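Here the structure comes first, spelled out in structure tokens, and everything after it is commentary.
The values are calculated or read from the model by the stated rules, or taken from the named source; none is laboratory data. Just so you know, these numbers come straight off a predicted model, no measurement behind them. Don't worry about glycine lacking a Cβ; one is built from the backbone with ideal geometry, like all the others, and counts go over all protein chains shown. Ligands, DNA and RNA are stripped out before the accessible areas are found, and what is left, the full protein with its side chains, is counted by its heavy atoms. Shrake-Rupley method; radii C 1.70, N 1.55, O 1.52, S 1.80 Å.
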Amino acid sequence: EVQLQASGGGLVQPGGSLRLSCAASGFIFDDYDIGWFRQAPGKEREEVSCISSSGRRTYYTDSVKGRFTISRDNTKNTVYLQMNSLKPEDTAVYYCATRDDNYYSDFVPLCYGMDNWGKGTQVTVSS
């Protein structure tokens, strides 16, 4: 059974930091690309950041570039999202998701086709 669990969310003031974790089990972690997505009330889910199975390739949506950093530790079956300089517009439920890297070439956008989803963690940025 594929299981993903996002954690680390909470309430933080603008300019603050949080580190999200996504713990995975039930699949061969090293074979999967992993992404972070978020959904704010009234909005569609959007891509935030994704990382290739090896950790060699990363993607960031423009709004978080320079503030967020994605990383993974394949020995721990965990992916992280370090979020710095948080803004109110970062408020959302954050989800992690995966795709099998065997189905995609390097020319396919890294966040495309993520089809295994975990439960989200709430991030609220407010004064």
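Residues that are open to solvent by 40 Å² or more (accessible area, probe 1.4 Å) and either under 21 Å from SER85 (Cβ atoms) or charged (D, E, K, R) (or both) within segment 41-58 comprise LYS43, GLU44, ARG45, GLU46, GLU47, ARG56, ARG57, THR58, listed in sequence order.
Based on what the data block shows, is TYR112 at negative phi and not in a strand (DSSP E or B)? Steps first, please.
Details: at negative phi: yes; not in a strand (DSSP E or B): yes.
For TYR112, the condition - at negative phi and not in a strand (DSSP E or B) - is met.
Only a single criterion out of (1) of a type in the set (Ser, Thr, Tyr); (2) under 19 Å from GLY9 (Cβ atoms); (3) out of contact with any Lys or Arg (no Cβ under 7 Å at 6 or more places or on another chain) is not satisfied by TYR80, namely (3). Please indicate, with yes or no, whether at least one residue in segment 22-40 is open to solvent by 80 Å² or more (accessible area, probe 1.4 Å) and either closer than 28 Å to VAL125 by Cβ or among the small types (Gly, Ala, Ser) (or both). There is no residue in segment 22-40 that is open to solvent by 80 Å² or more (accessible area, probe 1.4 Å) and either closer than 28 Å to VAL125 by Cβ or among the small types (Gly, Ala, Ser) (or both).
I'm checking my understanding of the structure. Among residues of segment 17-43 that are within 12 Å of THR78 (Cβ to Cβ) and touching a Phe, Trp or Tyr at 6+ places or on another chain (Cβ under 8 Å), which one is modelled with the lowest pLDDT?
Going residue by residue through segment 17-43, those that are within 12 Å of THR78 (Cβ to Cβ) are 19-25, 29, 34.
With touching a Phe, Trp or Tyr at 6+ places or on another chain (Cβ under 8 Å) added as a condition, the list becomes 19-22, 24.
Numbers: ARG19: 98, LEU20: 98, SER21: 98, CYS22: 96, ALA24: 92.
So the residue we want is ALA24.
Number of residues in segment 70-96 that are buried (at least 17 other Cβ atoms within 10 Å of the Cβ) and assigned to a strand (DSSP E or B) equals 12.
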